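Have a look at the structure below, then the notes.
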Amino acid sequence: MPLYILLTGFTVWMAVEAVRRGDAGRWLWIILVFGPIGAGVYFFSEYLGRGPLSRITFRLRKVTKADLQAAEVEVRRLDNAPSWTDYASLLRASKDYERAAEAARRAVERDPESLDAQYELGLALLMAQRFSEAREALALVVERDRHFDSDDALFALAKSLVGARDDAAARACLEELAERRARPEILYELAGTQARLRDREAALRSLQRIVDEAVLVPAYLQRNVRPWVKRARWAMRKLR
């Protein structure tokens, strides 16, 4: 029975995410017809591929020279916001952050209303450690859609605020995220911000939450959580 409840909850979660992300037309029927199997396929092929882990941490596959060459052809052929945004994303994944920022800026020039282009610009600037510029770009995204990219736009904005040494504003963003997300990287960033603001007790509570909620994570995701638990325990010892 507990496994059935877990799988049902996972299926519902993926169905909701598919609708919220605009993927319902391609994925919703697969998730509903095939249940947990369809939800699992969506999770690994789309949710992880475009969600919190992919945008800030990694891409599911290594970007090759051929990928970049193909993207260069597309920007020359189409010269529109989507092609420049995709090219910027590939450059960022290749850790060529300055060129990624330039490509993303061209995407924004071609369509100032594109949140994807603006977001890619903010991420490239963030990874290039141009924090003040990243903050401006990401703030525009969050202003228009507070939950953009499953709250990762707000998390990226918080990171840019930390980099710009605006811990008070970063704390407000991170505390908002922590109210609706239990992701350990958010809680760890929040604890660090609280500690820098000399709120030791709040920092300890955030770190303890990482440890406490780790036991609720499914077994197949435990390896992603363990490093954060170790960091949290080490930080708690240091604070105490």
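The values are calculated or read from the model by the stated rules, or taken from the named source; none is laboratory data. The model shown is predicted, which means the values in this text are computed figures rather than measured ones. Here Cβ is always computed from backbone atoms with ideal geometry, including for glycine, and neighbour counts include all displayed protein chains.
Can you tell me which residue is nearest to G40 (Cα to Cα) among those in region 184-240 that are of a type in the set (S, T, N, Q) and surrounded by 17 or more Cβ atoms within 10 Å (Cβ to Cβ)?
S206
Looking at (1) at pLDDT 95 or above; (2) not in a loop (DSSP other than H, G, I, E, B), can you tell me which one E213 breaks?
Condition (1) is where E213 drops out.
Go through (1) crowded, with 17+ Cβ neighbours inside 10 Å; (2) at pLDDT 95 or above for S150 and report which single condition fails.
S150 satisfies every listed condition except (2).
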